[in-house]
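Please treat every number below as a calculation from the coordinates, not as lab data. In this text the structure is predicted, and so the values were computed from the model without any measurement. Don't worry about glycine lacking a Cβ; one is built from the backbone with ideal geometry, like all the others, and counts go over all protein chains shown.
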Amino acid sequence: MKTRDIKTIDVNAMEWFDKINGNSYFAANIVINYGMKNEVHLKLPFQYGYGDHYRHMTYNKIRKELNCFKKYDKNTSYWRAYENEGIIHRHSIRENCLKRELKNI
């Protein structure tokens, strides 16, 4: 998929906080071009991170899996690339999930 073919990016993430060790983890479902003929689904597996880290990892996953955003170097932020390309991006995260919920994504 080429960068110009991406119109929307929807990310639904879930976060779990490990109270014993004091670490946060997340997993996410990514939908590119929701409701369009060229709709693509990607998954971010269970991994360490907190705050907006899932947004950065989403961008990296899209770059790698779809081989797009080539004109941007690895230091370009996700929001800069999305804004430059006119991509609508919607992110949501559900906190206080169970570890097993994240593992099932």
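Quick notes on this one:
- Verdict on Lys19 being surrounded by fewer than 17 Cβ atoms within 10 Å (Cβ to Cβ), charged (D, E, K, R) and under 11 Å from the mean Cα position of the chain (by Cα): no
- Every condition in (1) touching a residue at least 12 places away in the same chain (Cβ under 8 Å); (2) among the basic types (Lys, Arg); (3) surrounded by fewer than 17 Cβ atoms within 10 Å (Cβ to Cβ) holds for Lys37 except the one numbered (1).
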